Every structure is written in structure tokens, then in C-alpha cells.
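Before any comments, here is the structure.
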Amino acid sequence: MSSRKFVPIAAALSLVVAAVLWLTLRTPELYVQGTYVFGTRVQLAVYGVSLEHAQQDADAVFAHFRSMHRELHAWQPSEVTALNQSIAAGTPFQATPELAAILRHARALSLQTQGLFDPGIGRLVRLWGFQADQFDTQPPSRESVLREHASHPRIADLTISDSGVVASANRAVALDLGGYAKGWSLDEAAAILRQRGVKNALVDVGGNLLAIGTKGGAPWRVGIQDPRKAGTLATLELRDGEAIGTSGDYARFYRSNGVRYCHIIDPRTGFPATLSESVTVLVRPGPHAGALSDGASKAPFVAGPALAMSFASKVGVDSVLLVDAQGRVWVSAPMAERVQFTDPTLRPARLE
């Protein structure tokens, strides 16, 4: 989870996916409120309701986010750290229904992506210094990475019973849901808002966004952050029920001896992924569109442009924008139909 800069509405937001809607905050029908949770800036925009109701809606969503953050934290005392302690001790763990549901879906997504998305490698994430508010500036030794990786931790090693009892034969598994919880929270927020009668809203959790309805009859227009300079690379219109998420190497990283180490670890090697600068996926409406928008960007990021669509298609995603390690922009055909690039002269390569 990462911290991102929040700037006034007259300027572009420096988010993984920056919501252009904030520029229209002066519209009386649009209420926007933000807070800081999951280690990042989150925002909720509600259209067409009274100020009092919009504030109550935002309070309900943010209270739920804070509860999720406490229970899913990877390195401060939480249900997830208690689960990891049980796994390390070789004892079963009784998860809450909420955590059990998240683990089932995350495990299924990991299996679909042949392990390129894998929240079970928390010990490797910690070894690289990314389970902290301030990242280490020195990478671990190659020997320590290879030693940790040799235990082959993976979320697929978990068994989750119908009653929510979680166990693992591999004691090296440690859950870190930082690459999935933000997306899951989008779906939770959408459910809360719909239960409260909200028909038009945009939820933004650290650059993962989900749209409900419209903004005054028009789709919600959002922006995709350029991974190497301030401002947006492209914009697109987000329709009712759609979600968009980005994985990038530019929000959580450190440099050592001129080498950039990002927080997205390649489960195949135990080392940070190096083939992409950012990957954005657009997900069709569905019961877990938000969670998928977060998890589905990881495997294409790790795989790079040559194999990105192979892994995206495994989870039903066909709209992908990728910036590779050399800064070249790639788009799939469905995404090309939706995005408008800030630079009209840009000619992206085609993801196949």
C-alpha cells in the first residue's frame, strides 16, 4: 500500500489513476470527500444527493475502509498477521467470513494466472523492505532471496474449509493482501452505497476506481497516470459498474547503486519485476469487478508485453494498457477503443 500526493482540484491528481472528475468539483450536485486509509489517499464522489446524505454516505464507506485496513494489515497486528502466525506454527486458523471470502477469491485468481499474482509471498515482500511505512534503501542479499524463494510459498498452498478454517502444509506462506484489498474494498463500498440508495458515485482507492451510475447523465471520466512524469498519460470514460486499476513501479520503490527496486515481486524468481513500468486494466461490470481490477493488473505487469494478454485473458480481461520498461506504450484493441491519449501524436504498439 502506498502514499500518493493529493493536490488541489485545479491541478491533476498525482494518483496511479487520477480522477479527472475532481476538476468539476465546483458543480453543486457533485460532493467529493477524501481520507487516508490503506496507506493511500481514498476519495468518494457522490452525484445528485443532498450534502447531508452525501456526507453520511461517505462516513459509512470510510468507516468500513478503516475496519478493513485494521483487519487486513500485513505487518501491524491484525487478523492477517494472526493467520500468518498460525501458518508458521502449522496450526489451523479460524478466519472470519470476510477474510475467508477474500482468500478464496484471491487464491482462485492466483491459480488462474499460474501464480504470477500471488499474495502468499509476504515473507519475500518483507525481505525486500516493502512491509514498512518507509522503505529500506538497501536490497537484501541474493543469497537470502534465493533461500526464502526456495520454500516456494504460494497462496495455492492454502486450504480453506466451508466454515472458514484456513491451513497450509507449507509454513513459509505468509499473506500480504496489499495487491488485492484495495480492489476488494471498491466492491464493498459499492454494496454499501447501493444499500443506502446511492445511484451515482465514483469510488477511488489509491487509484483503483469503480463507477456507479453516471455523473449527471455522462460517464465518469478518469485519467491514467504517466509512470515517469507528472500528469496523465490518457483518459477514458468509466461506465456504470466498470472498474479500472493500475499496477506501477513508481509509487513504491527505492534505488540502490542506480538500480530501481519496485514493490511488485515476481513470484517465479523472488526478485522485483522489471519488464513493465505500469499496467492498467479495465474490468467489465460484475460482482467482483473492483477486486479484479486490482488483482488482474499484477500478472501482466510481471509478464511484460509479450505475454500480458495471455495472462489478462485467463481472468476475463481484454482491455489492457501497458508501459514497458523502455517506456513504450502498448494497448489491446478493446482498450484502444476506449482511451484518449494526452499526447495525440502517440502511436502505441498493439498488445496481442
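The values are calculated or read from the model by the stated rules, or taken from the named source; none is laboratory data. What you see is a predicted model; the values in this text were computed from it and never measured. A quick note on method: Cβ atoms are made from the backbone with ideal geometry, for glycine too, and the neighbour counts reach across all protein chains shown.
Annotations for the structure displayed:
- Residue in the stretch 301-313 that is surrounded by the most Cβ atoms within 10 Å (Cβ to Cβ), counting only those that are free of Cβ contacts under 8 Å to residues at least 40 places away in the same chain and farther than 13 Å from V283 by Cα: G304
- Verdict on P285 being under 24 Å from L202 (Cβ atoms) and either surrounded by fewer than 23 Cβ atoms within 10 Å (Cβ to Cβ) or more than 16 Å from the chain's Cα centre (by Cα) (or both): yes
- Residue in the stretch 288-303 that is modelled with pLDDT of 95 or more, over 23 Å from N200 (Cβ atoms) and in a strand (DSSP E or B) present: no
- Tally, over the stretch 159-207, of residues that are buried (at least 24 other Cβ atoms within 10 Å of the Cβ), of a type in the set (S, T, N, Q) and either free of Cβ contacts under 8 Å to residues at least 24 places away in the same chain or closer than 19 Å to E71 by Cβ (or both): 1
- When the residues of the stretch 314-352 are filtered to those that are surrounded by 14 or more Cβ atoms within 10 Å (Cβ to Cβ) and among the hydroxyl-bearing types (S, T, Y), the one that is farthest from the chain's Cα centre (by Cα) is T342.
- The stretch 217-250, residues that are out of contact with any Leu (no Cβ under 7 Å at 6 or more places or on another chain) and without any contact (Cβ under 8 Å) to a residue 24 or more places away in the chain: G217, A218, K229
- Residue in the stretch 253-282 that is nearest to F117 (Cα to Cα), counting only those that are among the β-branched types (V, I, T) and surrounded by fewer than 19 Cβ atoms within 10 Å (Cβ to Cβ): T269
- Residues (part of a helix (DSSP H, G or I) and among the aromatic types (F, W, Y)) located in the stretch 55-90: F62, F65
- The stretch 140-155, subset touching a Leu at 6+ places or on another chain (Cβ under 9 Å) and part of a loop (DSSP other than H, G, I, E, B), residue surrounded by the most Cβ atoms within 10 Å (Cβ to Cβ): P153
- Matching residues in the stretch 251-265 - criterion: being touching a residue at least 12 places away in the same chain (Cβ under 8 Å) and in a loop (DSSP other than H, G, I, E, B): A251, R252, H263, I264
- Filter result for S144 (more than 20 Å from the chain's Cα centre (by Cα), of a type outside the set (D, E, K, R) and over 22 Å from L99 (Cβ atoms)): yes
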